[in-house]
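Participant: Dumping the structure here so I can ask a few things about it.
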There are 2 protein chains.
Amino acid sequence: MDAAEFRRRGKEMVDYVADYLENIEKRQVYPDVEPGYLRSLIPEEAPEEAESYEDVVKDIERVIMPGVTHWHSPYFYAYFPTANSFPSLLADMLCGAIGCIGFSWAASPACTELETVMLDWLGKMLKLPADFLAGTEGRGGGVIQGTASEATLIALLAARSKIIKLIQADHPDRSETDIISKLVAYSSDQAHSSVERAGLIAGVKMKKIPTDNKFSVRGDALQKVLEEDRAAGLIPFFFCATLGTTPSCAFDCITELGPICNAVEIWMHIDAAYAGSAFICPEFRPLLNGIEFADSFNFNPHKWLLVNFDCSAMWVKKRSDIIGAFKIEPLYLKHDHQESGNHSHWQIPLGRRFRSLKMWFVFRMYGLKGLQAYIRKHVGLAKEFESLVRADQRFEISADVVLGLVCFRLKGSNELNETLLKRINNARNIHLVPCQLAGKFVLRFAVCARTTESRHIQEAWCHISHLASELLQELPH
Amino acid sequence: MDAAEFRRRGKEMVDYVADYLENIEKRQVYPDVEPGYLRSLIPEEAPEEAESYEDVVKDIERVIMPGVTHWHSPYFYAYFPTANSFPSLLADMLCGAIGCIGFSWAASPACTELETVMLDWLGKMLKLPADFLAGTEGRGGGVIQGTASEATLIALLAARSKIIKLIQADHPDRSETDIISKLVAYSSDQAHSSVERAGLIAGVKMKKIPTDNKFSVRGDALQKVLEEDRAAGLIPFFFCATLGTTPSCAFDCITELGPICNAVEIWMHIDAAYAGSAFICPEFRPLLNGIEFADSFNFNPHKWLLVNFDCSAMWVKKRSDIIGAFKIEPLYLKHDHQESGNHSHWQIPLGRRFRSLKMWFVFRMYGLKGLQAYIRKHVGLAKEFESLVRADQRFEISADVVLGLVCFRLKGSNELNETLLKRINNARNIHLVPCQLAGKFVLRFAVCARTTESRHIQEAWCHISHLASELLQELPH
């Protein structure tokens, strides 16, 4: 395919993309296919000879679309949102064309520099303490990670490296593995599975702190475990707080937890993967109070800030903590401006795409006000759904509705709710996933798509309510 | 921006991308900017109000392009190639629009299934042993990682998890950290920095095996270190072989190393990040002989197989080894088809884009023959450059030219060669990076861009030769 054909095909693809997104609600949100459906639809081997573009493109509807879960359908209420916006798609096209691998400043200065400045822009939108900004003189700063999982892992590894150095400074004869065997990290019992996984990867103990009746970690709960663990000879070194947990969007009490961590020099990382985007609104910014105690902070603009995946924003107060944990610099990566920022020292992969272009396009084309309006609209839709649930005596709300997630269930057994969810998902009109809260099977209703409107919420509730009526009527009284 | 505006702007962007790639050689390959150039060109904060698309787009040439290192310029000979092709760009547009997060089968069945089948297609192109293919019944299979760094880390972690379980099966009282403290992993002294980094992350010792005069690890060198380490009470558990090292594209002797690893149950991972693409050509496939001894294998189609970053292909013989090392499954990620493949258990991040679309488009639109022709063309260009160097008595070739990389230097001191490289890069006509081979400072000339032709090679050599003449004339005789 030469540039001339790309011009033609690219424009056709732009129309296909626009058609797909404009008409997405006409597609069934969750596919009907069974596992293994795709293999039989395409050849067993790659073709020897080149095929025509027409042949490839017609297979999109034949092979791919029947097996797609449409995350951007306004009937999609599962997991958490993943962002998709037109400015972001445009920026990603540019990113693909430039196709630089920005592992060092020299490998493409614009890639490194725009990223640093965009993370400053975003940090200012969130009103992060100045410590977290790079500016021209700062010791902190931000970086784009692929996912929150990677941010948590990087923070944990940086903390591990820091505590080992600290201990070895006093006890030069203590081996790294001996120290690691005593290390213990903490998170909420509601924290995302990736936090536990980070502990597995780093080879350190990871303990879950019990949460209160709001599914929130409180200071006294952490304090209690810290005392027990210190008494047992362990070395607490890392606490991952969650703002906006995956099951119920609960918030750990970082104003209590932060001072405890600071007092005993435990690295506090804050994972606000979903909720973080909301902090650009003054009315939600208090949820981030306590950030001043944190060593690192992360959230995913690719969830709720209209920047397509992957774009997980991470800030640290001291860049040197992160860079020091990983820096290995062979000659083929050295260049004349070594100190100008090598983001590859901040992350697991070496290579990196020019992802800050997406942030730049989205922030400018929406403006802060546009982004705030977007967040507020989603929260409003969640509140609307909450009201509908509360108005129905057969149902209960299972956790405070703070942002765009509503946790609810039929009053009754877990089996009843499991059956209801199965029927909802089998009907394929809308798509939800469950969670477990205090031993209860709960349905999660997350406002996800950019194009979700009140009528979709009303329709979804009508459908759920109808399925619930059917289900309850079948029960013996 | 609504869909109607996206149609217009998307088509403009397609033209911008086509213009950029068609005319890329008119741009200076390496930018003139100094560190910090970008910050002063844009505001200090994101705008409150939305800006127009015109305002954003005109800043691409004003702000971004002056700081771009043009990796797809035919004057770019640095690092290794990163792929860029029109079919891949088209597929990525579709990937962005679908915007699914394929962390489980249910999260978008097409995303998981196409990936499994594409890795089988690619495995067959490479003539991988059947053990590495998923098929419908296989225990092996492939997955797309972001980068080779992640593949190495995942392999190392899987091997760590496997050896710990194995030892604890016999010695249930031995703690994980005690075992880890004795573990030792190995790689070539020419291996990529990411291998050393993987060891740091996993908290295990990582030793470099000395290479022979071809920069290749041989069986006896590994055997010697293994014996010493076992005698010292260490537990060797992982060897990362490199096929196509970053400094000189050297090949570890896996036909010797594989049987040694197999005999003593050391996990052998093969990193062929750059060279792997060439194995689709029958004449280069012998370089992969010995793959049958490996537990895992990885290379980057995003380097040399026309699939845009990120797309690093990894295969394992036993999926269960990888999955077992990481599987943590909370309720919100469970679904009815749990056993249908959750690629997120194979990788560090949880989220993942629909990256196999790029492979599908590229493999079909080039065909195997087209891809082979592409590899052969690049190798031919490298051979052409090698001939030019060899014909000039002032220069020497520093390592065998096997694929698309030529390592060369002026006969003379390291300082002389450092000066030559500095002048080459300062002139900005072409861009190269150096490496160190056996204590010598060496220039690396990697054929990178899709559009590089013989005339570019001739022009590059003419330029290098001219700068060398100038430099040598300045020297006192």
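Throughout, read-outs are computed from the coordinates displayed, never taken from laboratory work. Model, not experiment: these values are computed from the prediction. Every residue, glycine as well, gets a Cβ built from its backbone with ideal geometry; the counts of neighbours run over all protein chains shown.
Participant: Shielding of A:130-139 by partners, i.e. mean partner chain Cβ atoms within 10 Å per residue?
Facilitator: Working: counts 0, 0, 0, 0, 1, 2, 3, 0, 0, 0.
Across the residues of A:130-139, the mean count of other-chain Cβ atoms within 10 Å is 1.
Participant: May I pose another question? What is the local net charge at A:Asp220, summed over the other residues whose Cβ is closer than 11 Å to its Cβ (Lys, Arg +1; Asp, Glu -1)? If you can, show how the numbers build up before the last one.
Facilitator: Numbers: positive: A:Arg218, A:Lys224; negative: A:Asp212, A:Glu227, A:Glu256.
With Lys, Arg at +1 and Asp, Glu at -1, the net is -1.
Participant: About its Cα centre, how strong a charge dipole does the protein assembly as shown have in debye, to the nearest 20, once Lys and Arg get +1 and Asp and Glu get -1 at the Cβ?
Facilitator: Details: 104 positive and 118 negative charges, 62 e Å.
Here the protein assembly as shown has a charge dipole of around 300 debye.
Participant: Apply the Karplus parameterisation 6.51 cos²θ - 1.76 cosθ + 1.60, with θ equal to phi minus 60°, to every residue of segment B:262-270 and state each ³J(HN,Hα) to the nearest whole Hz, in sequence, with x for glycine and proline.
Facilitator: Ordered by residue, 3J(HN,Hα) equals 4, 5, 10, 6, 9, 5, 9, 9, 10 Hz.
Participant: Take every Cα pair under 8 Å in segment A:79-218 that's 6+ residues apart, average their separations, divide by the length, and report that relative contact order as a whole percent.
Facilitator: Values: 117 pairs, mean separation 18.6, N = 140.
RCO, segment A:79-218: 13 percent.
Participant: Residue by residue through segment A:32-46, what is 3J(HN,Hα) from phi via Karplus (6.51 cos²θ - 1.76 cosθ + 1.60, θ = phi - 60°)? Round to whole Hz and write x for glycine and proline.
Facilitator: 9, 5, 9, x, x, 4, 6, 4, 6, 8, 10, x, 7, 9, 5
Participant: OK, next. Averaged over B:197-205, how many beta carbons belonging to a partner chain fall within 10 Å of each residue's beta carbon? Can you show the working numbers first?
Facilitator: Values: counts 8, 1, 0, 6, 11, 3, 10, 2, 2.
Across the residues of B:197-205, the mean count of other-chain Cβ atoms within 10 Å is 5.
Participant: Would you mind checking segment B:379-423 for residues with the amide N under 17 Å from a putative spin-label position 7 Å along Cα→C-beta of B:Gln473?
Facilitator: B:394, B:420, B:423
Participant: Counting alpha carbon pairs within less than 8 Å and at least 6 residues apart, what relative contact order, in whole percent, applies to segment A:356-404?
Facilitator: Details: 20 pairs, mean separation 16.9, N = 49.
About 35 percent, as a whole number.
Participant: Right, here's the next one. Measuring from a point 7 Å out along Cα→Cβ, what nm distances, shortest first, does A:His171 have to its partners in the other copies?
Facilitator: The projected label point of A:His171 is separated from its counterparts by 2.2 nm.
Participant: Okay, next question. Using the Cβ atoms and a cut-off under 14 Å, what net charge is assigned to the surroundings of A:Phe284, where Lys and Arg are +1 and Asp and Glu are -1? Display every interim value, and only then the final one.
Facilitator: Numbers: positive: A:Lys127, A:Arg285, A:Arg376, A:Lys377, A:Lys383; negative: A:Glu283, A:Asp400.
Neighbourhood net charge equals +3.
Participant: Considering only the label points, 7 Å along Cα→Cβ from Cα, what distances in nm to one decimal separate A:Lys377 from the same position in each other copy, shortest first?
Facilitator: So the label point of A:Lys377 gives 4.6 nm to the other copies.
Participant: Report the FRET efficiency, 1/(1 + (r/R0)^6), for B:Lys411 and A:Arg174, where r is their Cβ-Cβ distance and R0 is 60 Å, rounded to 0.05.
Facilitator: On the way: r = 50 Å, r/R0 = 0.83.
It comes out at approximately 0.75.
Participant: At A:Arg423 and B:Ser454, where each label point lies 7 Å from the Cα along Cα→Cβ, what is the point-to-point distance in nanometres?
Facilitator: Distance between label points: 7.4 nm.
Participant: Evaluate the charge dipole of chain B about its Cα centre and quote only its size in Debye, nearest 20, assuming +1 on the Cβ of each Lys and Arg and -1 on the Cβ of each Asp and Glu. Walk me through the numbers on the way to the answer.
Facilitator: Numbers: 52 positive and 59 negative charges, 230 e Å.
In debye, rounded to 20, chain B gives about 1100.
Participant: About the Cα centre of segment A:70-141, what is the dipole size in debye to 20, counting +1 per Lys and Arg Cβ and -1 per Asp and Glu Cβ, all else neutral?
Facilitator: 160 debye
Participant: Along the Cα→Cβ direction, 7 angstrom out, place labels at A:Tyr37 and B:Leu331. What is the inter-label distance in nm?
Facilitator: So the label points at A:Tyr37 and B:Leu331 sit 2.7 nm apart.
Participant: Something else about it: Label-to-label distances across copies for B:Gln393, with labels 7 Å out along Cα→Cβ, in nm, shortest first?
Facilitator: In nanometres, ordered from closest: 10.5.
Participant: Taking the mean number of other Cβ atoms within 10 Å as a proxy for protection, how do you rank B:3-16, B:159-172, B:48-61 from highest to lowest?
Facilitator: On the way: B:3-16: 18.3, B:159-172: 16.3, B:48-61: 14.3.
The packing order, highest mean first, is B:3-16, B:159-172, B:48-61.
Participant: OK, next. For chain B, what is the relative contact order in percent, using Cα pairs closer than 8 Å and at least 6 residues apart in sequence? Walk me through the numbers before you get to the answer.
Facilitator: Working: 824 pairs, mean separation 103.9, N = 477.
With pairs under 8 Å counted, the relative contact order is 22 percent.
Participant: Rounded to whole Å, give me the distance from the Cα center of segment B:115-194 to that of segment A:192-253.
Facilitator: 30 Å
Participant: Could I ask something else about it? Relative to 2.2 N^0.38 Å, what does the C-alpha radius of gyration of the protein assembly as shown come to as a ratio? Two decimals please.
Facilitator: Working it through for the protein assembly as shown, the quotient is 0.92.
Participant: Label A:Arg394 and A:Lys165 with points 7 Å out from Cα along Cα→Cβ: what is the distance between them in nm?
Facilitator: My value for the distance between the label points is 6.1 nm.
Participant: In the structure shown, do any of A:Lys127/A:Lys317; B:Lys214/B:Lys422; B:Lys182/B:Lys205; B:Lys182/B:Lys207; A:Lys11/A:Lys58; B:Lys303/B:Lys358 have a Cα-Cα gap over 20 Å, and if so which?
Facilitator: On the way: A:Lys127/A:Lys317 14 Å; B:Lys214/B:Lys422 27 Å; B:Lys182/B:Lys205 8 Å; B:Lys182/B:Lys207 13 Å; A:Lys11/A:Lys58 16 Å; B:Lys303/B:Lys358 13 Å.
Exceeds cut-off: B:Lys214/B:Lys422.
Participant: Can you give me the long-range amide H partners of B:Gln145? Hydrogens built in the peptide plane at 1.01 Å from N, cutoff under 5 Å, separation of 5 or more residues or another chain.
Facilitator: HN-HN under 5 Å from B:Gln145: B:Ser312, B:Ala313, B:Met314.
Participant: Could you work out, residue by residue across B:24-31, how many beta carbons of other chains sit within 10 Å of that residue's beta carbon, and then give the average as an integer? Kindly include the intermediate steps, with their values, before the conclusion.
Facilitator: Numbers: counts 2, 0, 0, 0, 0, 0, 3, 4.
Across the residues of B:24-31, the mean count of other-chain Cβ atoms within 10 Å is 1.
Participant: Note the per residue figure in Å³ for the convex hull of the C-alpha positions in chain A.
Facilitator: Details: hull volume 89.3 nm³, N = 477.
It comes to 187 Å³ per residue, whole-number rounded.
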